[in-house]
Amino acid sequence: MQRGNRESQLPLPHLDQAALLAKYTTVHIVSLALSESIGIYGLVLFFLGDGFGTLSTFLGISALAIYFHRPKKEELEVMVVATKTDEMPSLQP
């Protein structure tokens, strides 16, 4: 049995730009909230008696998570192109 690239054979459903933007925004709000909660956990641990090292570690991890999960202009441009055409372009350069 020959296995091909099934993604290229399946038709994409109708992509609504407003719905796609709403989902994109929701995903980023949730991921940024979870990233920020890491820093809040560090602050709680600091208030409960842990050292400043724990606070700075958790805040650093939180800052890195927020930086890496921020909304990117390139992702939005790819989604706009995908709504105007019937094919999903790759995010890879």
**Complete:** Dividing the mean separation of Cα pairs under 8 Å (6+ apart) by the residue count of the stretch 16-78 yields a relative contact order in percent of 36
**Request:** Would you kindly calculate the mean projected area, averaged across all directions, of the convex hull enclosing the Cα atoms of the stretch 16-78, in square nanometres?
**Result:** 4.4
**Prompt:** Per-residue HN-Hα couplings for the stretch 53-58, Karplus 6.51 cos²θ - 1.76 cosθ + 1.60 at θ = phi - 60°, whole Hz, x for Gly and Pro?
**Reply:** x, 5, 4, 5, 5, 5
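Only the coordinates and a few stated rules stand behind these numbers; no lab work does. Keep in mind the model is a prediction, meaning the values are calculated, not measured.
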